[in-house]
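Visitor: Next up is a structure, given as structure tokens.
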Amino acid sequence: AQSVSQHNHHVILSEAASLELGCNYSYGGTVNLFWYVQYPGQHLQLLLKYFSGDPLVKGIKGFEAEFIKSKFSFNLRKPSVQWSDTAEYFCAVNDPYNTDKLIFGTGTRLQVFP
Amino acid sequence: NAGVTQTPKFQVLKTGQSMTLQCAQDMNHEYMSWYRQDPGMGLRLIHYSVGAGITDQGEVPNGYNVSRSTTEDFPLRLLSAAPSQTSVYFCASSYGPTERAEAFFGQGTRLTVV
């Protein structure tokens, strides 16, 4: 079965620091990958997604992610974080056996201090 | 646009009580899903629907029922609440299979079962 791992459970950074959040999945076939963000007290919203093509994907608010097939990874990056990036970040991947299902990672809580 | 609307936002139930969590979307999306979010476990799929009259089980369906009589509404029923169902519940909708389409989430319902 497909699984998603986010090894960073809680990340604390100062403003202007660079960010990289890890995401690894288990299924070796064709995958569709997503990063969602949940700001405090708000609903989840899509940051970026990868289906095919250029493995470097750019999303909203200066975020990007790189799909590395050989490493089964889809890490999220931002060169310089802001206090407003404080949120919980979820990686998700499609279930290869059911097109109607997404499988989410356990999430990474990011705190950015001024 | 209202997007995905969930009610109530907060609810406290006694063990054994029943209730319905409401979810409505105004985007004419065919696909709707219910997730529960628990600390350290990310989002887990409870039930989903690919259109009116069609529902299916997700990862953690036990103790929950759903129906989809209209495109707009997808209520989640707890028949006999248990403390293990204490969680935050999110409803989501998308215009196509979630493996390719962005999921739009509601604000969530925080349920406590005592």
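The values are calculated or read from the model by the stated rules, or taken from the named source; none is laboratory data. All of these numbers come straight from a predicted model, not from anything done at the bench. No Cβ is skipped: glycine too gets one built from the backbone with ideal geometry, and neighbour counts run over all protein chains shown. Accessible surface areas use protein heavy atoms only, side chains included; no ligands, DNA or RNA. Shrake-Rupley method; radii C 1.70, N 1.55, O 1.52, S 1.80 Å.
Visitor: Let me spell it out: the conditions are (1) away from chain A (no Cβ under 12 Å); (2) open to solvent by 10 Å² or more (accessible area, probe 1.4 Å), and B:Phe104 meets all of them except one. Which number is the exception?
Guide: Among (1) away from chain A (no Cβ under 12 Å); (2) open to solvent by 10 Å² or more (accessible area, probe 1.4 Å), B:Phe104 violates only (1).
Visitor: All but one of (1) facing chain B (nearest Cβ under 8 Å); (2) out of contact with any Asp or Glu (no Cβ under 8 Å at 6 or more places or on another chain) hold for A:Glu66; which doesn't?
Guide: (1)
Visitor: Give the number of residues within region B:31-68 that are assigned to a loop (DSSP other than H, G, I, E, B), facing chain A (nearest Cβ under 10 Å) and not small (Gly, Ala, Ser). Walk me through how you get there before you give the answer.
Guide: Step one: filter region B:31-68 for residues assigned to a loop (DSSP other than H, G, I, E, B), giving B:39-41, B:52-53, B:58-63, B:67-68.
Next, from what is left, pick out any that are facing chain A (nearest Cβ under 10 Å): B:39-41, B:58-59.
Restricting the remaining residues to those that are not small (Gly, Ala, Ser) gives B:39, B:41, B:59.
Total satisfying the criteria: 3.
Visitor: Same structure again: Of a type in the set (Val, Ile, Thr) and surrounded by 17 or more Cβ atoms within 10 Å (Cβ to Cβ), is that true of B:Val4?
Guide: On the way: of a type in the set (Val, Ile, Thr): yes; surrounded by 17 or more Cβ atoms within 10 Å (Cβ to Cβ): yes.
Yes: the conditions hold for B:Val4.
Visitor: Of a type in the set (Phe, Trp, Tyr), over 19 Å from B:Leu45 (Cβ atoms) and assigned to a strand (DSSP E or B): which single residue out of A:Phe67, A:Phe34 fits that description? Please lay out each step first, then the result.
Guide: Working: A:Phe34 fails: over 19 Å from B:Leu45 (Cβ atoms).
Within the list A:Phe67, A:Phe34, the selection yields A:Phe67.
Visitor: Kindly provide the set of residues from region B:73-101 that are open to solvent by 10 Å² or more (accessible area, probe 1.4 Å) and within 12 Å of chain A (Cβ to nearest Cβ), ordered by number.
Guide: B:Val88, B:Pro97, B:Glu99, B:Arg100
Visitor: Using beta carbons and a limit of 7 Å, which pairs, at least six apart or on different chains, have the first residue in region A:28-48 and at the interface with chain B (Cβ under 8 Å from one of its Cβ atoms) and over 16 Å from A:Leu110 (Cα atoms) and the second one of a type in the set (A, V, I, L, M, F, W, C) and in a loop (DSSP other than H, G, I, E, B)?
Guide: Cβ pairs passing all conditions: A:Asn32/A:Phe51.
Visitor: Please pick out the residue among A:Leu46, A:Leu102, A:Leu110 that is assigned to a strand (DSSP E or B), in contact with a helix residue (DSSP H, G or I) (Cβ under 9 Å, 6 or more places away or on another chain) and modelled with pLDDT under 95.
Guide: Working: A:Leu102 fails: in contact with a helix residue (DSSP H, G or I) (Cβ under 9 Å, 6 or more places away or on another chain); A:Leu110 fails: modelled with pLDDT under 95.
Answer to the selection: A:Leu46.
Visitor: Still on this structure, I have one more. Looking at A:Tyr25, A:Tyr89, which one is open to solvent by less than 20 Å² (accessible area, probe 1.4 Å), within 19 Å of B:Gly108 (Cβ to Cβ) and touching a residue at least 12 places away in the same chain (Cβ under 8 Å)?
Guide: Working: A:Tyr25 fails: within 19 Å of B:Gly108 (Cβ to Cβ).
Answer to the selection: A:Tyr89.
For every residue, the table says whether it meets (1) more than 10 Å from chain B (Cβ to nearest Cβ); (2) open to solvent by less than 30 Å² (accessible area, probe 1.4 Å); (3) β-branched (Val, Ile, Thr).
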{"site": "A:Gln6", "(1), (2), (3)": "no, yes, no"}
{"site": "A:Val11", "(1), (2), (3)": "yes, yes, yes"}
{"site": "A:Pro55", "(1), (2), (3)": "yes, no, no"}
{"site": "A:Asp95", "(1), (2), (3)": "no, yes, no"}
{"site": "A:Val112", "(1), (2), (3)": "yes, yes, yes"}
